[in-house]
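Participant: The structure's right below; bear with me while I get my questions together.
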Amino acid sequence: SLAAALREALASGGGLMLHYQLQASVTAGEITGYEALLRWRHPTRGMIPPSVFIPLAEEMGLIPALGAWVLRRACTEAAAWPHPWRVAVNVSPLQLADASLPGLVAEVLAETGLAAERLEIELTETAIVEDQERALSILRAIKALGVRVALDDFGTGYSSLKTLRSFPFDKIKLDRFFMAEIESSAEAMAVIRSVLAEGVERPEQLAILRAEGCDEAQGFLLGRPSPAVSSGPEPEAAA
Ligand code: G
Ligand code: G
Ligand code: MN
Ligand code: NA
């Protein structure tokens, strides 16, 4: 079964890998960091999408082990990059419910020698709505290490701006839904000025971001998730 194969992959590390998607400063045209994205190649079925195996891992109680694998691998690989770019790591809401997360982060930083400010933890709104006090205290402990915290997929959840303001996010990542709307909606335009825009696929979208002062972007136009880091955004994005 898929579940047994996932358990086996995690035990051996076989078939699991990280891809990296670059994040760039739109105005400076420079790489700011890379988001680590987990990939799993099933021995016979080939690539299984994260939208399938991550919920499965959550159901199976494998998230603590899988999350630790991702964090350790991302920090190890980032420590060996030719430039001190940031590395962004996605964390499941289930990981944020676990008080041992800050300890794990500290341990992995010490082990890999990665500077704390190069690590960014990405959380979705789901992670902070359930038990806010608990989430906040774990977040604060992570930030106390010098690690950055980003809110992922912003605009897809139901948390109020008031709730968000009480959380110490260093960055808000606007969900790619907004990018699909950007050419036709004034509301979408209003929120893009202070965010990293996700899902940039076309030069027209990048041009609007530049004109509106949104500085950081991620998307297929700039770079696709790939096993090795590149030295700059895709040439067509520079135009
Ligand atoms: O990379 P892709 O668009 O296929 O990812 C689909 C979903 O899986 C996204 O929501 C992404 O945040 C999530 N995801 C990718 N890598 C990881 C990971 O290492 N940990 C967790 N918890 N989610 C991840
Ligand atoms: O939820 P999260 O933002 O972590 O999801 C990251 C996923 O978004 C990655 O798996 C990646 O494949 C996908 N992604 C990144 N850039 C783009 C883009 O420009 N368009 C689309 N459709 N998906 C993207
Ligand atoms: Mn993400
Ligand atoms: Na996202």
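Bear in mind that the values in this text are calculations on the coordinates, not laboratory data. Keep in mind that this is a model prediction, so the values were computed, not measured. Backbone-built Cβ (ideal geometry, glycine too); neighbour counts: all protein chains shown.
Participant: Across 10 Å bins from the origin, how do the percents of Cα pairs in the chain run, short distances first?
Facilitator: Percent of Cα pairs in each bin: 7, 31, 36, 22, 3, 0.
Participant: Assuming R0 = 22 Å, what is the FRET efficiency of Ala144 and Ala28, from their Cβ-Cβ distance, to the nearest 0.05? It would help to have the intermediate numbers written out before the result.
Facilitator: Details: r = 30 Å, r/R0 = 1.35.
Working from the Cβ atoms, E equals 0.15.
Participant: Now a separate question. For the chain, find the longest principal axis of its Cα atoms and tell me its angle to the long axis of helix 2-12, 0 to 90°, nearest 10.
Facilitator: Once rounded, one gets 80 degrees.
Participant: To test your reading of the geometry: what angle, between 0 and 90 degrees and rounded to tens, separates the Cα axis of helix 101-112 from the longest principal axis of the chain?
Facilitator: So the helix axis and the longest Cα principal axis differ by about 90 degrees.
Participant: Moving on. Report the full-extension gain for the segment Ala97 to Glu183: residue separation times 0.36 nm, less the Cα-Cα distance, to one decimal in nm.
Facilitator: Numbers: separation 86, 0.36 × 86 = 30.96 nm, distance 3.79 nm.
Full extension of this stretch gives 27.2 nm more.
Participant: Kindly put Thr124, Thr44, Thr163 in sequence by how many other C-beta atoms sit within 10 Å of each C-beta, fewest to most.
Facilitator: Going from sparsest to densest Cβ surroundings: Thr44, Thr163, Thr124.
Participant: Now a separate question. For the pair Glu212/Arg72, report the inter-label distance in nm, with labels modelled 7 Å from Cα in the Cβ direction.
Facilitator: 4.2 nm
Participant: Fewest to most neighbouring Cβ within 10 Å: what's the order for Lys173, Lys143, Lys162? Can you show the working numbers first?
Facilitator: Working: Lys173 25, Lys143 17, Lys162 7.
Taking fewest neighbouring Cβ atoms as first place, the list is Lys162, Lys143, Lys173.
Participant: When a footprinting reagent is the concern and you count Cβ atoms within 10 Å, what order do Val91, Val200 take, fewest first?
Facilitator: Starting with the residue having the fewest Cβ neighbours, the order is Val91, Val200.
Participant: Choose one of Leu22, Leu164, Ala11: the residue whose Cα lies farthest towards the positive end of the charge dipole of the chain (beta-carbon charges +1 Lys, Arg; -1 Asp, Glu; about the Cα centre).
Facilitator: Projecting each Cα onto the dipole axis, the largest value belongs to Ala11.
Participant: Could you check what % of the DSSP bridge pairs in the stretch 2-238 are antiparallel, to the nearest 5?
Facilitator: Close to 45 percent.
Participant: Compare the Cα positions of Ser100, Leu114, His83 along the charge dipole of the stretch 80-122 (+1 at Cβ of Lys, Arg; -1 at Cβ of Asp, Glu; about the Cα centre) and return the one farthest towards the positive end.
Facilitator: In the stretch 80-122, that residue is His83.
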